[in-house]
Amino acid sequence: MTRLVLLAWILAGGAVAGFVFQMSNEVADLEKELTAVERDILGQQRALHVLQAEWSYLNRPTRLSELSRKHLSLAPVPAERVIGISDLPLRPSERISAQGATLEGFEITKTQAITEPQGKLKP
Amino acid sequence: MTRKPKRQPHDWSQLDLQIKPREVLRVEGNQRQALETGRNRLVFTGMIFALAFCVIGFRVGDLALWQEGHEPPLARDQGEVRLETGRADIVDRNGVLLATTLPAVSLYANPRHIGDPIEAATKLAPLLEGMDEAELTAKLSSKRQFVWLKRSISPREQYSFNRLGIPGIYFQQEQRRVYPQGDLAAHVVGFAGIDNVGFAGIERSLDDALRGTSEPLKLSLDIRVQHILSEELASAMETFKGIGAAGLVMDANSGEIIAMTSLPTFDPAEPGKASKDARFNRTTLGVYEMGSVFKIFTTAMVLDRGYLTLRDGFDTSDPIRISRFTIRDYKPKKRWLSVPEIFIYSSNIGTVHMAMRAGTEVQKDFLGDLGLLSRSPLELDEMGKPIAPSPWREINTMTISYGHGIAVNSVQLAGAMAAIVNGGHLVPATLLKREEGDLPMGRKVISPETSETMRRLMRLVVTHGTGRKANAAGYLVGGKTGTADKLRGGRYDRNSRIASFLAAFPMDNPRYVIFAMIDEPKGNEATHGYATGGWVAAPVVQKVVERIGPLLGVRPQFDDLAMELENEVLLEVSTKKESQKVAAN
């Protein structure tokens with residue numbers, strides 16, 4: 001009996017020691033990995049930092065406007081072309097219902113709507 | 001003699017604690033005592049050990065059961081990995097990089113490690129500009145342990161130096177300040193030296209803050225607006241052959257400077273190569289007599305303090321003579337003019353009459369309230385102090401009413417303009433981004449009603465007066481022209497002047513103040529020889545507004561509520577004119 005108990009203790013002790021040893025090994029490995037990852041992150045951050053500087057150098061407005069002049073035929077939007085949603089003319093069908101037109105009046109109203117050069121109608 | 005109990009070496013049963021002695025020993029005297037002592041010692045030691053084990057046992061139980069239930073947070077102390085550059089980046093209001101610190105490699109030599117200085121010098125010389133072989137040989141054969149060969153070399157250069165394979169040549173990792181936007185915002189951002197010490201601009205004035213953190217510093221500038229303003233000013237400067245130009249765009253409500261340009265400009269990467277004139281910040285360090293734009297403040301003063309109404313006016317037929325000076329109009333109308341007319345036709349004579357109604361003290365207080373007599377609070381060390389007359393005599397009151405005899409910088413001027421148009425609150429100007437809910441209240445300087453009247457008057461200047469060339473379609477620009485002769489050796493020189501335009505838009509609810517100024521413009525054929533604010537600076541404002549309006553989300557307006565208001569004022573003006581004519585007849 002006593003021997004068995006003792007044996008059990010020794011086995012348990014051995015198991016715990018082994019477990020702790022393995023655990024500490026694992027932790028050491030993880031820490032090594034963490035350091036590597038951190039070094040990697042720092043390297044990436046450094047690269048990112050340089051790339052950001054390069055990006056904003058390449059995107060400086062002076063260069064962009066030069067490129068746009070050379071390759072695009074775009075110009076700033078003139079104020080006349082900016083209007084609000086409420087200033088948009090209604091679609092023909094909507095305009096009819098807005099005017100309360102009957103079905104017979106449909107064709108006429110539609111033609112008018114199309115021939116009207118710049119319908120700035122307000123409902 | 002004592003006989004020890006005999007045990008079999010491997011008889012485990014002997015270890016049983018309840019074993020009974022098979023032989024009874026009788027020990028007497030000294031020996032018995034020694035045995036007793038030994039036993040006592042054993043018991044004592046055993047108790048100590050038992051106690052220690054108890055303590056450990058309790059502690060184990062305590063840790064397992066009652067301490068924090070989760071795993072110990074070991075990771076907490078690791079912290080976040082973060083790139084430390086030693087000096088914070090500077091970005092614009094949208095986060096675009098204006099200044100950053102990049103790793104750089106510098107080349108140095110340890111002459112003691114160099115075996116053959118002459119051979120090394122022969123190899124190195126072709127790669128090092130500005131250093132001949134003899135100089136290099138001298139450097140490499142010196143007795144020192146460290147000589148710089150070249151600071152901040154490119155990776156390509158580093159490779160070619162490495163390829164030479166000369167022993168005793170080393171690379172040093174360093175940090176270098178880089179300005180990706182080049183000369184675009186050079187006067188605002190400034191520059192830092194090779195050892196990362198700020199020498200000019202924000203780099204200098206906020207040097208400590210920049211060193212203390214790696215969080216980027218957010219300026220109020222918008223680099224796109226900055227580009228547009230610089231481009232338009234540069235083109236006007238070229239057209240009119242000016243010696244310089246300056247301008248700024250300011251948020252009328254928050255006091256943030258959205259763009260600020262001084263021309264000619266310089267490359268912050270090589271400030272040493274720039275001339276003194278190029279490094280001079282005309283927007284902040286330069287104080288100028290601004291001329292007629294000051295009529296805005298004179299008019300606002302007499303209207304707000306109740307000395308005159310829009311229906312009053314003065315006869316401007318005769319020049320004003322005081323001591324040895326004569327005050328004339330640039331383009332005399334030679335008749336009675338109402339207050340709005342005086343303003344929109346920019347009559348010096350009328351403005352002087354207006355200012356004299358208020359008097360010297362009122363003028364001094366009013367200009368002081370607008371921040372025109374004290375140094376601007378802007379975050380730059382390059383900040384010119386305003387020059388005001390002392391003592392402030394009557395003649396000064398007269399000339400100051402139309403902007404002569406007082407010199408201020410552009411930031412002060414734009415700040416005062418912002419207060420006039422935004423409903424009357426003077427908000428301190430800033431180069432740092434202000435968050436939406438973080439706006440300072442500002443000091444009230446004029447009433448909202450006067451502010452509205454002034455906005456209409458300034459809109460009239462653009463629709464009917466001297467500033468017609470600033471009329472950007474749809475954006476309701478309003479403002480005032482300014483043309484001031486420069487002082488040359490104590491006399492005003494009619495041929496070297498400052499042409500400026502001070503504006504705000506849109507005038508029904510102003511969001512931005514714009515100031516444009518050209519230094520010593522010369523008239524050309526297209527302007528019929530004129531080089532006044534209306535011909536030179538107003539078109540700059542028009543072009544800038546048309547380009548930045550859509551960028552800044554200002555909604556164009558064509559159904560002119562403002563127009564009606566203008567007509568109302570104009571109507572008053574014209575009826576007054578008619579009745580006056582009748583009266584004059």
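The values are calculated or read from the model by the stated rules, or taken from the named source; none is laboratory data. Given the structure is predicted, the values throughout are model-derived calculations rather than measurements. Cβ atoms come from the backbone with ideal geometry, glycine included; neighbour counts cover every protein chain shown.
Each row is one residue, and each column tells you yes or no for (1) over 21 Å from residue B:181 (Cβ atoms); (2) touching a strand residue (DSSP E or B) at 6+ places or on another chain (Cβ under 7 Å); (3) within 11 Å of chain A (Cβ to nearest Cβ).
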residue: B:222; (1), (2), (3): no, yes, yes
residue: B:231; (1), (2), (3): no, no, yes
residue: B:234; (1), (2), (3): no, yes, yes
residue: B:243; (1), (2), (3): yes, yes, no
residue: B:247; (1), (2), (3): no, yes, no
residue: B:251; (1), (2), (3): no, yes, no
residue: B:256; (1), (2), (3): no, yes, no
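Under the condition of being within 12 Å of chain A (Cβ to nearest Cβ), out of contact with any Asp or Glu (no Cβ under 8 Å at 6 or more places or on another chain) and not charged (D, E, K, R), the residues counted in segment B:83-100 number 5.
Looking at B:299, B:351, B:360, which is the one that is closer than 23 Å to residue B:531 by Cα and modelled with pLDDT of 90 or more?
B:351
If you filter segment B:468-495 down to residues that are closer than 18 Å to residue B:329 by Cα and more than 30 Å from the chain's Cα centre (by Cα), you find that the one that is modelled with the highest pLDDT is B:485.
Conditions tested, residue by residue: (1) more than 10 Å from every other protein chain (Cβ to nearest Cβ); (2) touching a helix residue (DSSP H, G or I) at 6+ places or on another chain (Cβ under 9 Å); (3) at pLDDT 90 or above; (4) in a helix (DSSP H, G or I).
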| site | (1), (2), (3), (4) |
| --- | --- |
| A:16 | yes, no, yes, yes |
| A:25 | yes, no, yes, yes |
| A:34 | no, yes, yes, yes |
| A:70 | yes, no, yes, yes |
| A:89 | yes, yes, no, no |
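I'm checking my understanding of the structure. Among residues of segment B:255-293 that are assigned to a helix (DSSP H, G or I) and among the hydrophobic types (A, V, I, L, M, F, W, C), which one is nearest to residue B:218 (Cα to Cα)? By that ranking, first place goes to B:278. For segment B:469-523, the strands (runs of 3 or more DSSP E) that sit wholly inside it and include 1 or more residues that are within 14 Å of another protein chain (Cβ to nearest Cβ) and in contact with a Phe, Trp or Tyr (Cβ under 9 Å, 6 or more places away or on another chain) are B:491-505. Among the residues examined, residue B:500 does not qualify as free of Cβ contacts under 8 Å to residues at least 40 places away in the same chain and either touching a strand residue (DSSP E or B) at 6+ places or on another chain (Cβ under 6 Å) or within 28 Å of residue B:286 (Cα to Cα) (or both).
Just need a number here: residues in segment B:130-171 that are more than 44 Å from the chain's Cα centre (by Cα), among the aliphatic types (A, V, I, L, M) and assigned to a loop (DSSP other than H, G, I, E, B). So the count comes out to 1. Contact map, segment B:101-130: residues that are within 14 Å of chain A (Cβ to nearest Cβ) and more than 11 Å from residue B:161 (Cα to Cα) paired with residues that are in a loop (DSSP other than H, G, I, E, B) and not basic (Lys, Arg), Cβ distance under 7 Å, separation 6+ or inter-chain. Pairs shown: B:101/B:85; B:101/B:86. Identify, please: which residue in segment B:417-450 is within 28 Å of the chain's Cα centre (by Cα) and small (Gly, Ala, Ser) and is, among those, surrounded by the fewest Cβ atoms within 10 Å (Cβ to Cβ)? Among those that are within 28 Å of the chain's Cα centre (by Cα) and small (Gly, Ala, Ser), it is B:437.
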